[in-house]
Amino acid sequence: MSSGPLALPTKPVQAVLFDLDDTLVDSGHLESFRLNRDRQGLEGALPDLKAPPNMHEQLRRLGQSLPLGVVTTAPRWYAERLLTHLYPDIRWQALVTYGDVQRRKPDPQGLLMAVEQLGLAPSSEIAYVGDQETDLEAARRAGLLPVQARWCCDSVRSATELCLEHPRELACFTASQQLVSSTAERLLTLLQLPGVGRTTVLNVLATASLGLEGFPDEPRVVKALQRPGAWDEAQEEAGKIIASCQATGIQILALGDSLYPKNLAAMGKDQPPLLYVQGQLSQGPALAVIGTREPTAHGLEITRRVATHFAARCSIVSGLALGVDSMAHRAALQAGGHTVAVLGHGHGLVAPKQNEALAEEILSGGGALVSEYPPRTPVRPAYFVERDRIQAGLANATVVVQTDLEGGSWHAARKTLAYGRVLGYPVPTRRDLEAGEPKIQGILLLEEGKAEQKAEHLKCRQVDLGRVIRIASKADYSTFENRTAAMQST
């Protein structure tokens, strides 16, 4: 085995999965305990248990930037005991054992279950490290990257697949997506200081560097840092948030990062300094499709039509609420398009709970869930108002399908015009008009109200009403698109 420096080229991956026996653990002498379910015998053998040289060190390093998992044909009690004994400080974001699938490799089911536990889609950017040919075959069949661990076997090196001769060569793996930039880390630390919020951080970005020495002109930061240990405590809390994001594949994008959505730049003081992203954002244009949680049958149908039509051209943005939002996301997915759900809380929960499956569908369909709050931040009514501005900010234009005169959709509609973008609305049907449906009254104001009434309700200038476009039929889609394109070019 090689003992020299790493010679392998860097291999960008999203996650690394490992086989257990003879890959993570020198376990040949434990076979009888496993097969006979001899837990007492296993406990007696633990003092002699060994990990491959440098393996613990490499796992710690990998775990700082990549989610890690284990897939093994061993029983769960056995796997958990070995991992706890040898690697007590390593967090395994996925653990699939024989009891989960009751199939032996090279069946790929266990690997695919682990990928799902990580919240990822099967990809050659997910590595599976094992010592047997059956491990490699399972990885091939699952569409993952097969990696042969040669520190525990003498099989012939394959010319077409990645072979590692020593655990130190795991250093060739690096995150294909940088989850946290240095700017994001410093902004996140600032936000953990007492009394420091979005406005303060935006002021710091506009007037100072992100180094600690650049803060004296920002009163709230100066005040927060007067307490001894405040910065260290903020850094510790930020580190916990970063670790949580790394464990679940959530990217933290900071204002100024290359992947931070460019559409948010026009939001001024409304910009979120940080955006937590799970999944993949689109680099193309986007349309927000929003509306009431209690639409009429026509409201649901027009939502489906609008989202289906525009999903071929742009990402569909909505808020993962019931009613119009849910239909917008589903229609985009069914059309094979991209969709983004903006959350009014942190990742790790879904509100409403009924849409948990839809959130998973969005991620598995290549879309994204985004939030400006750290993972596990609970639901608060004010956060949904804050979410609405981000829906408008992410999109090049917004269509508000149905709302009453006081509905929450007005927050996004008003911000759409405030950010200089186009607002569309579908004309109510005769049936909904005759029924006096409450959820069309807001749209009826846009259709029939006087200019001063509309401007007052939208909190805009009357000249801005020129960017409010009625959609009476599919023929009006092109007018809406052309006006949106014209606004983007100015």
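The values are calculated or read from the model by the stated rules, or taken from the named source; none is laboratory data. Quick caveat: nothing in here was measured; it's all calculated off a predicted structure. A quick note on method: Cβ atoms are made from the backbone with ideal geometry, for glycine too, and the neighbour counts reach across all protein chains shown.
How many residues does region 6-53 hold that are part of a helix (DSSP H, G or I) and either at pLDDT 90 or above or among the acidic types (Asp, Glu) (or both)?
Going through region 6-53, the residues part of a helix (DSSP H, G or I) turn out to be 28-35, 39-48.
Keeping just the survivors that are either at pLDDT 90 or above or among the acidic types (Asp, Glu) (or both) gives 31, 43, 48.
Residues in region 6-53 being part of a helix (DSSP H, G or I) and either at pLDDT 90 or above or among the acidic types (Asp, Glu) (or both): 3 in total.
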Test: residue in region 38-54 that is under 23 Å from Leu118 (Cβ atoms) and in contact (Cβ under 8 Å) with a residue 60 or more places away in the chain: no
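Got a number for residues in region 285-315 being in contact with a Leu (Cβ under 6 Å, 6 or more places away or on another chain) and of a type in the set (A, V, I, L, M, F, W, C)? If you could, list the steps in order and put the result at the bottom.
Residues of region 285-315 that are in contact with a Leu (Cβ under 6 Å, 6 or more places away or on another chain), as a first pass: 286, 293, 310, 314.
Still in the list and also of a type in the set (A, V, I, L, M, F, W, C): 286, 310, 314.
So the answer is 3.
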Qualifying residue in region 463-481 (condition: among the basic types (Lys, Arg) and free of Cβ contacts under 8 Å to residues at least 60 places away in the same chain): yes
Residues that are exposed (fewer than 13 other Cβ atoms within 10 Å of the Cβ) and either in a loop (DSSP other than H, G, I, E, B) or acidic (Asp, Glu) (or both), drawn from region 468-480: Ala472, Ser473, Lys474, Ala475
Hits in region 105-129 (condition: under 17 Å from the mean Cα position of the chain (by Cα) and over 27 Å from His166 (Cα atoms)): Glu116, Gln117, Gly119, Leu120, Ala121
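Is it true that Arg483 is under 14 Å from Leu423 (Cβ atoms), part of a helix (DSSP H, G or I) and touching a helix residue (DSSP H, G or I) at 6+ places or on another chain (Cβ under 9 Å)? Steps first, please.
On the way: under 14 Å from Leu423 (Cβ atoms): yes; part of a helix (DSSP H, G or I): yes; touching a helix residue (DSSP H, G or I) at 6+ places or on another chain (Cβ under 9 Å): yes.
Judged against the criteria, Arg483 is a match.
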Some residue of region 60-67 being modelled with pLDDT of 90 or more and either in a helix (DSSP H, G or I) or out of contact with any Leu (no Cβ under 6 Å at 6 or more places or on another chain) (or both): no
